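The values are calculated or read from the model by the stated rules, or taken from the named source; none is laboratory data. Because the structure is a prediction, the values reported are computed rather than measured. Positions of Cβ are backbone-derived with ideal geometry, glycine not excepted, and every protein chain shown enters the neighbour counts. Only protein heavy atoms, including side chains, enter the accessible area calculation; ligands, DNA and RNA are left aside. Shrake-Rupley method; radii C 1.70, N 1.55, O 1.52, S 1.80 Å.
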Amino acid sequence: MLERLTAWLAGDAAADLVPRHFAFNTPLPGVVCLALLAAAGAVTALWYTRRLRALPRLRRVLLVSLRTAAVVLLLFLALDPAVIAQRVNPGEQFVALLFDDSLSMRITDEKSESRGDRLQQGYALAKESFEDRVRRRHQLVRYRVGDGTQPLREVSELHFDQKQSDLLGGIQQVVKDLQGMTVSAVVLFSDGVQLPGQTAEALAALPADVPVFTVGAGESTPWSDLEITDLQIKRTDFDRSPVVLTAKIRSTGLAGTEAVVEATIGSRVVKSKTIAITDPVQTHEVSLEFVPDRQDWIEYEARVRLVDKPGTAIANADHIAENNMQQFAIDNRLKQYKILYVSGRPNWQNKFFKMALEGDKQQLKLTSLIAISNAEQKFEFRGKKSSLANPLFEGFEEDKDRPRYDQTVFLRLGAAKDELTSGFPATAEDLFGYDLLIFGDVEKPFFSGEQLELARDFVDRRGGALLLMGGPRSFTAGGYAGTPLEKMLPVLLYHEGAGPEELRANQPYAARPTVEGRLSGAWTFETDETADLALWQGLPPLYSIDRFPLVRAGATVMAVGALGPDESGNVPLFAMQRYGEGRCAVFATGDTWQWKMREESAGDRHERFWRQTVRNLVKDAPAPALWRGKADAYTQEGPATFEFLLRDKAYTRRETLQASATVTAPDGTTATLPIEESLEEAGVYRAPFTPALAGLHRLTVTGADDKGETVTQLDDAFLVQPDYREFQQAQYKPEFLAELARSHGGQFFTLEQMDALADAIPVPPSLESEDLVLHLWHLPGFFLVLAALMIPEWYMRRKAGQA
């Protein structure tokens with residue numbers, strides 16, 4: 001109403017005015033003026049009613065109404081009613097126009113033109129009228145928004161090539177850039193596709209004092225699309241399916257169709273699965289299991305496509321092809337993990353353990369150190385027959401190379417010529433070359449105090465794994481309570497005073513994996529839970545199991561021994577926990593060989609179990625040179641910083657190395673990266689890299705000492721993917737744009753409503769503005785109304801004979 005009055009009163013000059021409020025231009029307060037009008041109307045009506053009481057009722061009411069309205073209108077004009085308006089200076093306030101310049105604007109919704117084309121054409125048609133109306137009251141500034149914000153001269157300069165739409169961040173940045181100026185409003189032209197997580201909750205971070213208007217650049221047409229929203233790759237320890245791909249597939253508007261999820265190498269399909277789409281919006285979780293067919297870094301592609309059904313109109317209705325595929329890389333290089341099995345005496349467990357690992361000789365290299373004659377505590381004089389040799393060689397001819405009486409005699413199985421010649425390693429260089437230590441049926445006196453400390457460092461600093469097997473001479477019975485190893489264990493040990501029944505249960509029991517054990521893949525024979533349970537139930541029972549008073553907080557029990565008919569009789573059989581950089585595990589028995597000896601059928605469950613368990617323990621053992629914080633994939637043309645931890649064979653962090661890093665791109669070109677040593681952390685080196693090509697890249701990092709000799713080396717690879725984030729859930733989102741505008745004092749418009757948008761942009765109050773008083777009595781309409789009231793009243797009164 002005020003806008004119309006301002007236009008009537010000011011004419012063409014109204015475009016430069018902003019009406020603020022209505023007022024009476026008198027010294028009297030507005031409430032008093034309204035009271036005077038009400039009193040004048042009441043007095044006039046009462047007095048005139050009494051005077052005309054001789055007239056018929058209908059004529060009397062009409063005359064009283066006309067006279068009262070005329071008196072009130074005359075008094076209203078006498079009080080000088082006015083519209084108070086503000087003269088606008090366009091140089092004082094700004095309107096920021098933000099244009100979405102991201103890849104999603106290239107999407108075609110329904111017609112042949114893309115969202116970007118629609119925006120440029122629609123704005124060009126309305127530009128002259130829209131900008132002219134806005135410039136009367138504001139100054140205009142244009143920005144493009146994508147990864148960030150940049151000034152924009154003309155809308156025709158938009159290329160729609162930004163890799164992501166940070167819409168809310170763009171609004172914040174523009175308001176920040178215009179800090180110190182009066183911002184009337186921010187107008188966002190977009191399709192509503194924004195970064196993940198920018199939902200209604202994130203809107204609260206926007207400035208609350210600047211209105212936000214939004215203009216939709218898409219079409220609200222039926223949307224149909226098929227996309228991979230998430231991809232997880234797991235390298236399992238399971239013998240028969242080393243790689244598990246889990247993909248989340250989201251379908252929209254495709255009910256009644258079928259889709260195929262595939263893992264491919266080039267054009268060759270490695271594994272596939274068909275899914276049926278039954279709902280308008282549906283999410284599927286699909287798992288594919290496969291075994292890599294060569295030993296190297298392998299680049300795969302996961303993709304989803306609609307099944308082409310002739311005669312089905314929706315068969316080719318997938319709007320976006322870019323979100324139908326994701327690349328991933330598998331490290332299937334031949335890696336040999338070294339296992340050291342230490343036993344205090346020859347036993348069946350070591351024999352059958354060795355047989356199990358022979359099924360994967362290339363990957364799992366076992367070295368066994370078995371004591372066959374322990375050292376004597378003191379020399380025993382036996383006259384002429386006395387010898388300094390170990391009693392094992394008593395009766396043989398003297399040989400200076402034979403072990404002395406105070407030295408243990410070892411049997412080295414699977415060892416190199418110069419490996420373990422003096423027994424259990426005494427230095428970090430010798431011990432840290434292994435990935436897994438297994439102590440089976442060996443007592444604490446077998447080791448020196450320094451060797452136990454070294455075993456702890458093997459887990460804590462080197463990041464290796466330690467497995468303690470159970471048995472009558474293990475854990476508390478083996479003297480490990482109170483040693484450096486006890487603090488590493490995932491269980492507490494009994495100390496002095498515990499009886500044999502507390503330390504060990506000598507009765508048959510069945511091994512049962514826990515949920516955590518099945519999820520790890522180590523305690524799983526089949527992916528089907530029912531079939532897997534049947535295989536475990538079919539194993540022969542074991543006999544005798546070590547007991548522990550408590551499992552440590554943070555440890556994971558992967559299997560239990562079922563001593564009774566219900567869960568109350570379960571005791572931990574296999575438990576594991578992280579310790580420092582590595583892991584420590586306990587297996588409360590040393591007799592799993594009974595599974596193989598007593599199994600009726602010629603199955604391979606015992607062998608598979610141990611291969612899976614060993615893989616699970618060694619898979620995270622780090623090399624001396626380590627790539628820290630490595631991502632699953634990097635983004636093409638996205639800057640990244642690689643961070644490396646360089647250590648020597650003793651896993652000591654090395655400083656001041658002559659480090660170099662070389663990257664080989666998919667096209668065979670190589671680049672040497674600038675690499676700098678960290679000043680904050682010893683042994684850490686960083687190198688920046690911006691990949692120009694998508695695909696599998698090879699990386700070699702070398703650290704040399706001041707003599708030029710190589711101390712450590714890292715050979716790795718990484719995947720670079722095209723940046724398709726803009727195509728995830730990329731349907732036109734007018735609801736988001738409307739919510740954004742509503743929550744910040746603005747409105748949502750379409751491209752066809754830009755004239756209305758120009759009128760809706762408010763002008764904020766300014767201390768330097770000029771207030772104008774527009775008097776209502778300047779409007780001729782009021783006098784015409786007054787004449788229309790008084791002339792009929794005078795005529796009717798004269799006709800009735802009234803003065």
Study note, to complete from the structure: On the accessible surface of segment 603-710, probed at 1.4 Å with all protein chains in place, carbon and sulfur together account for a percent value of 47
Practice item. Multiply the residue gap between Arg57 and Arg798 by 0.36 nm, knock off their C-alpha separation, and tell me the result in nm, one decimal place. Key: 265.1 nm
**Study point:** Across Lys365/Lys417; Lys354/Lys417; Lys354/Lys487; Lys365/Lys619; Lys234/Lys271, pairs whose alpha-carbon gap is larger than 25 Å
**Key:** Lys354/Lys487
Review point. To the nearest 0.05, what FRET efficiency results for Val269 and Asp161 with a Förster distance of 25 Å applied to their C-beta separation?
Key: 0.15
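Under unit Cβ charges (Lys, Arg +1; Asp, Glu -1), what dipole magnitude, rounded to 20 debye, does segment 634-766 have relative to its Cα centre? Intermediate results must be reported in sequence, preceding the final value.
Numbers: 10 positive and 21 negative charges, 60 e Å.
Around 280 debye, computed over segment 634-766.
When the helices in the chain are scored as -39500 (n - 2.57) per DSSP H run of 4 or longer and the sum is shared across all residues, what 222 nm value do you end up with, to the nearest 500 deg cm²/dmol?
Value at 222 nm, helices only, nearest 500: -7000 deg cm²/dmol.
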Check your understanding: Restricting the count to DSSP beta bridges whose residues both fall in the chain, what percent are antiparallel, rounded to a multiple of 5?
Key -> 70
Check your understanding: If you take the square roots of the eigenvalues of the alpha-carbon gyration tensor of segment 464-520 and sort them as a ≥ b ≥ c, do you get rounded (a/c under 1.5), prolate (a/b over b/c) or oblate?
Key -> oblate
Review point. What is the local net charge at Ile675, summed over the other residues whose Cβ is closer than 15 Å to its Cβ (Lys, Arg +1; Asp, Glu -1)?
Key: -3
Check your understanding: From the square roots a ≥ b ≥ c of the eigenvalues of the alpha-carbon gyration tensor of segment 404-508, which class results: rounded (a/c under 1.5), prolate (a/b over b/c), or oblate?
Key -> prolate
Review point. If you take the Cα atoms of segment 491-554, find Rg, then find the Kirkwood Rh from the mean of 1/r over all pairs, what is Rg/Rh?
Key: 1.08
Practice item. Summarise the long-distance tail of P(r) for segment 234-297 by giving the % of C-alpha pairs beyond 20 Å. Key: 37
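For segment 564-604, what number results from the quotient of the Cα radius of gyration and 2.2 N^0.38 Å?
1.65
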Study note, to complete from the structure: Row for segment 602-722, column shape: gyration tensor on C-alpha, a ≥ b ≥ c, rounded if a/c < 1.5 i.e. under 1.5, prolate if a/b over b/c, else oblate; value oblate
Point to revise | Radius of gyration and Dmax over the Cα atoms of segment 524-639, both given in Å | key: 18.6, 61
Review point. By how many nm would the segment from Ala682 to Leu231 lengthen if fully extended, with 0.36 nm per residue of separation less the alpha-carbon distance?
Key: 158.8 nm
Point to revise | Rough spin-label spacing in nm, given labels placed 7 Å along Cα→Cβ, for Leu492 and Lys630 | key: 4.0
Exercise for review: Report the net charge of residues surrounding Glu496, where surrounding means a beta-carbon distance below 14 angstrom and charges are Lys +1, Arg +1, Asp -1, Glu -1.
Suggested key: -2
Check your understanding: How about segment 219-326: which trypsin sites (Lys or Arg not before Pro) there are in a DSSP loop, with at most 13 other Cβ atoms within 10 Å of their Cβ?
Key -> Arg240, Arg294
Revision key, fill the gap. Length-normalised contact order of segment 449-607, Cα under 8 Å, at least 6 apart, in percent, tallies to 32
Review point. Ignoring ligands, DNA and RNA, how do Leu158, Leu679 rank by accessible area with a 1.4 Å probe, largest first?
Key: Leu679, Leu158
Revision key, fill the gap. With segment 597-638 reduced to its Cα atoms and the Debye formula applied, log10 I(q)/I(0) at q = 0.17, 0.18, 0.24 1/Å amounts to -0.70, -0.73, -0.91
Revision key, fill the gap. Note to self: with every protein chain in place and a 1.4 Å probe, the chain gives an accessible area per residue in Å² of 49
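Any idea what the relative contact order of the chain is, in percent, if you count C-alpha pairs under 8 Å spaced at least 6 apart?
Value for the chain: 14 percent.
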Check your understanding: Between their Cα atoms, which of Lys273/Lys361; Lys649/Lys707; Lys335/Lys596; Lys248/Lys273 are more than 24 Å away from each other?
Key -> Lys273/Lys361; Lys335/Lys596
Review point. When N is the residue count of segment 613-671, what does its C-alpha Rg come to as a fraction of 2.2 N^0.38 Å?
Key: 1.45
Revision key, fill the gap. Options (i) 12, 28, 25, 16, 10, 6, 2, 0, 0; (ii) 14, 39, 30, 15, 2, 0; (iii) 15, 45, 31, 8, 1 for P(r) over Cα pairs in 20 Å bins from 0, in percent; the value derived from the coordinates is listed as (i)
Check your understanding: So how far apart, in nm, are the two label points at Asp528 and Thr182 if each is 7 Å from Cα heading toward Cβ?
Key -> 7.6
Revision key, fill the gap. Taking Lys and Arg as +1 and Asp and Glu as -1, residues besides Ala553 with C-beta under 14 Å from its C-beta add up to +3
Point to revise | Estimated distance in nm for a label pair at Ala760 and Asp147, the labels positioned 7 Å out from Cα along Cα-to-Cβ | key: 3.3
**Study point:** D_trans [Stokes-Einstein, Kirkwood Rh over alpha-carbon pairs] for segment 127-268, 25 °C, 0.890 mPa s, µm² s⁻¹
**Key:** 126
